[in-house]
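These notes concern the structure reproduced below.
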Amino acid sequence: MMTEASPPARPTRPVTQRLTTVADMRPADDFLERPQKVVATNVNFFYGSHQALHDISLRMPQNCVTALIGPSGCGKSTFLRCLNRMNDMIEGTRVEGEILLEDIDIYRPKTDVVELRKRVGMVFQKSNPFPKSIYENVAYGPRVAGVKQRDVLDGIVEQSLRRSALWEEVSDRLNESALRLSGGQQQRLCIARALATDPDVLLMDEPASALDPKSTARIEDLIFELKDTYTIVIVTHNMQQAARVSDQTAFFYEGHLVEAGATTDLFTKPRQKQTEEYITGRFG
Amino acid sequence: MSAVLPHASADLTAPKGQRRWIEGTMHTILWLCAAASVFTTVGIVLILLVESLQFFGHVSIVEFLTGTTWTPHSNPPQFGILPLFCGTILVAGGSAVIAIPLGLGAAIYLSEYASPRMRDVLKPILEILAGIPSVVFGYLAIVFVSPIVRSIFPSADIFNALNASIVVAIMILPMIVSLSEDTLRSVPRSLREGAYALGATKLDVTVGVILPAALSGIMASFILAIARAVGETMAVALAAGKRPQMTLNPLDSIQTMTAYIVETSKGDNPQGTLGYQTIFAVGLTLFLCTLALNVLAQWILKRMREQYE
């Protein structure tokens, strides 16, 4: 596990750097041949009468990082929130189309949304620790899932905090309020909290957008490590981040999926003019 | 910039006479508005203190606070406030026992469970309930609540503490519901989403995350409602009776501090007599009780704000 002092597993580059060079990116591997974890087909999404997503089809392979990019309001977060039915909480929303988690349509009427969200964890843009202790934040998911034995909970809490690279910093003050952690630590706590329910898929909605460059680099390293275990879908405003952490990138614009493909391909030879203009910073 | 504004050449150092005059006058008028409430408060407290001090010149404060018999108009009179205090506690406590679970339940329903349409129906009804004059509750207690209470508990007096507790509970209910609901709804949406995203059910989220996060605001709403119940007068004066006695039996006829003040101030105690001064001593006690409760509620609310910031 990394600490602040030890060198990162992988060189981290300054976030301010302009578009990453081809050499920095991992080559487009065979990720599309991997098993498909989440498959969205012809997804339309409506807020009342306003259609926010138009006919989105996207495959998210297992143990891959899929980055959703695009300008504000393009629908990338809305799409992400369709994947764990978080949009159900907003009155007057409606989904059409099919989203398969492995082979289960998560929008079929008898889906247990509570079970779905245990398998599809989520980390939010703004860290949202509960006003409880560090320990209780991480233990919350297992507790609502019915885990009661203290030693089991202890084990889950430690393992989750280690995975989110926070254990070294908080192991001696697990009973302190989570609200006293720094912004970067709070976000890693929220990642630990999401990992504690042992999900298959991890959704991240701009997880580093409110963090300083150093914390951002840590979160990115973490994503890189976590994809060995999880399937990750990340929304980001930051194209360098998308280029650094993802295997697949999907570019959204005005509710449409303009283009999706291997991250290396999309950033080096975009097929669509809109994609090219966006990634070269001409708009957005 | 080529456009020349009207003031472009004005002297920047001194405000013009007319503008300064208007500003100064407005400042004074607004200050007087603010001062009026301050002076009124100070005046009321002073009158309470001065008249009470005269009373305590005749009756020792220890006897007043510890005596268990309140017979100010007997001969010789006895001035132990405990029976009145006990009556107030009985009515306020009883109403809290009824109103707090109901109010909290309703607040949770409105904030977490009710559809927007249901909320749009229920909230105005609560506001209507809050607007019903307390004297109406008083006679409802006598003509409606008391017969029911006596049919269930035949030993109950016609005027009893339970009557008053029930109607006071209804009176403070809207306050608990609306203050608690505000607090529950002010729990950031991000916390709810965080909990739901972990596979929590609505009950898990409400009990495990929303309620603890809103706890201090909810406690403050309870305390403010109890303060209101302590100070409630008209319904209690009508429904609870006028027999000051040391009892914790809600079926007994009792008298509260407020009801005593009503009874005595409409009686024929000439100004300056000891009987007349009792109402100031009781009023001061009542004021200190509600003040303490209000300060406590403010303190709890302040702590909550610090927790969120």
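The values are calculated or read from the model by the stated rules, or taken from the named source; none is laboratory data. These figures come from a predicted structure and were not determined experimentally. Cβ: placed from backbone, ideal geometry, glycine included. Neighbour counts: every protein chain shown. Note: areas computed on protein heavy atoms with side chains; ligands, DNA, RNA excluded. Shrake-Rupley method; radii C 1.70, N 1.55, O 1.52, S 1.80 Å.
Run down A:264, A:275 and say which single residue is of a type in the set (Val, Ile, Thr), surrounded by fewer than 24 Cβ atoms within 10 Å (Cβ to Cβ) and without any contact (Cβ under 8 Å) to a residue 40 or more places away in the chain. Before you say what the answer is, go through the steps one by one.
Working: A:264 fails: without any contact (Cβ under 8 Å) to a residue 40 or more places away in the chain.
Just a single option satisfies the conditions, and that option is A:275.
Yes or no, residue by residue, for (1) over 15 Å from the mean Cα position of the chain (by Cα); (2) crowded, with 23+ Cβ neighbours inside 10 Å; (3) more than 12 Å from every other protein chain (Cβ to nearest Cβ); (4) on the phi > 0 side of the Ramachandran plot:
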{"residue": "A:127", "(1), (2), (3), (4)": "no, yes, no, no"}
{"residue": "A:149", "(1), (2), (3), (4)": "yes, no, yes, no"}
{"residue": "A:168", "(1), (2), (3), (4)": "yes, no, yes, no"}
{"residue": "A:171", "(1), (2), (3), (4)": "yes, no, yes, no"}
{"residue": "A:195", "(1), (2), (3), (4)": "no, yes, no, no"}
{"residue": "A:207", "(1), (2), (3), (4)": "no, yes, yes, no"}
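Look at residue B:195 and say whether it is under 30 Å from residue A:145 (Cα atoms), assigned to a helix (DSSP H, G or I) and within 14 Å of chain A (Cβ to nearest Cβ).
Working: under 30 Å from residue A:145 (Cα atoms): yes; assigned to a helix (DSSP H, G or I): yes; within 14 Å of chain A (Cβ to nearest Cβ): yes.
When the stated conditions are applied, residue B:195 passes them.
Within 14 Å of another protein chain (Cβ to nearest Cβ), touching a residue at least 12 places away in the same chain (Cβ under 8 Å) and not polar (S, T, N, Q): does that describe residue B:205? So that I can check it myself, show each step before the final result.
Numbers: within 14 Å of another protein chain (Cβ to nearest Cβ): yes; touching a residue at least 12 places away in the same chain (Cβ under 8 Å): yes; not polar (S, T, N, Q): yes.
Against the criterion (within 14 Å of another protein chain (Cβ to nearest Cβ), touching a residue at least 12 places away in the same chain (Cβ under 8 Å) and not polar (S, T, N, Q)), residue B:205 qualifies.
Can you run down the residue pairs with Cβ atoms below 6 Å, 6 or more apart or on separate chains, where the first is in the stretch B:88-107 and assigned by TED's automatic domain parsing to the domain that holds residue B:223 and of a type in the set (S, T, N, Q) and the partner is open to solvent by less than 20 Å² (accessible area, probe 1.4 Å) and not in a helix (DSSP H, G or I)?
B:88/B:256
Name the residue that is modelled with the lowest pLDDT, counting only residues in the stretch B:172-192 that are more than 13 Å from residue B:211 (Cα to Cα), out of contact with any Leu (no Cβ under 8 Å at 6 or more places or on another chain) and not small (Gly, Ala, Ser). Break it down stepwise before answering.
Restricting attention to the stretch B:172-192, the residues satisfying the condition of being more than 13 Å from residue B:211 (Cα to Cα) are B:172-179, B:189-190.
Going one step further and asking which of them are out of contact with any Leu (no Cβ under 8 Å at 6 or more places or on another chain), we end up with B:172, B:189-190.
Keeping just the survivors that are not small (Gly, Ala, Ser) gives B:172, B:189.
Values: B:172: 95, B:189: 90.
The selected residue is B:189.
Output the residues belonging to the stretch B:251-288 that are part of a helix (DSSP H, G or I) and under 29 Å from residue B:149 (Cα atoms). Talk me through it step by step, then tell me what you get.
Step one: of the stretch B:251-288, the residues part of a helix (DSSP H, G or I) are B:257-265, B:274-288.
Within the stretch B:251-288, B:257, B:258, B:259, B:260, B:261, B:262, B:263, B:264, B:286 qualify.
Can you name every residue in the stretch B:112-135 that is of a type in the set (Ser, Thr, Tyr) and open to solvent by 80 Å² or more (accessible area, probe 1.4 Å)? Steps first, please.
Restricting attention to the stretch B:112-135, the residues satisfying the condition of being of a type in the set (Ser, Thr, Tyr) are B:113, B:115, B:134.
Result: B:113, single match.
Results for (1) more than 23 Å from residue A:275 (Cβ to Cβ); (2) at pLDDT 95 or above; (3) of a type in the set (A, V, I, L, M, F, W, C); (4) outside any strand (DSSP E or B), shown as yes or no for each residue.
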site	(1), (2), (3), (4)
A:58	no, no, yes, no
A:63	yes, no, no, yes
A:72	no, no, no, yes
A:77	no, no, no, yes
A:88	yes, no, no, yes
A:94	yes, no, no, no
A:100	yes, no, yes, no
A:107	yes, no, no, yes
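Could you figure out which of (1) within 14 Å of another protein chain (Cβ to nearest Cβ); (2) crowded, with 18+ Cβ neighbours inside 10 Å; (3) under 19 Å from the mean Cα position of the chain (by Cα) isn't true of residue A:119?
The single condition residue A:119 does not satisfy is (2).
Every residue, every condition in (1) open to solvent by 50 Å² or more (accessible area, probe 1.4 Å); (2) modelled with pLDDT under 90; (3) out of contact with any Ser or Thr (no Cβ under 9 Å at 6 or more places or on another chain); (4) of a type in the set (Ser, Thr, Tyr), yes or no:
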residue: B:230; (1), (2), (3), (4): no, no, no, no
residue: B:241; (1), (2), (3), (4): no, yes, no, no
residue: B:259; (1), (2), (3), (4): no, no, no, no
residue: B:263; (1), (2), (3), (4): yes, yes, yes, no
residue: B:271; (1), (2), (3), (4): yes, yes, yes, no
residue: B:280; (1), (2), (3), (4): no, no, no, no
residue: B:283; (1), (2), (3), (4): no, no, no, no
residue: B:294; (1), (2), (3), (4): yes, no, yes, no
residue: B:300; (1), (2), (3), (4): no, yes, no, no
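Limited to the stretch A:232-260, what total is found for residues that are outside any helix (DSSP H, G or I) and at pLDDT 90 or above?
Number satisfying all stated conditions: 20.
Can you find, within the stretch B:112-130, the residue that is farthest from residue B:232 (Cα to Cα) among those that are in contact with a helix residue (DSSP H, G or I) (Cβ under 8 Å, 6 or more places away or on another chain) and more than 14 Å from every other protein chain (Cβ to nearest Cβ)?
Ranking the qualifying residues of the stretch B:112-130, first place goes to B:122.
What number of residues within the stretch A:192-223 are in contact with a strand residue (DSSP E or B) (Cβ under 8 Å, 6 or more places away or on another chain) and part of a helix (DSSP H, G or I)?
Initially, the stretch A:192-223 is screened for residues in contact with a strand residue (DSSP E or B) (Cβ under 8 Å, 6 or more places away or on another chain), giving A:194-195, A:197, A:199-207, A:223.
Applying the additional criterion that residues be part of a helix (DSSP H, G or I) yields A:194-195, A:223.
Looking only at that region, the number is 3.
Please name all residue pairs, on different chains or six or more residues apart, with Cβ atoms under 6 Å, provided the first residue is in the stretch A:77-92 and is more than 16 Å from residue A:200 (Cβ to Cβ) and the second residue is among the charged types (D, E, K, R) and part of a helix (DSSP H, G or I).
From residues that are more than 16 Å from residue A:200 (Cβ to Cβ), the pairs are A:87/A:81.
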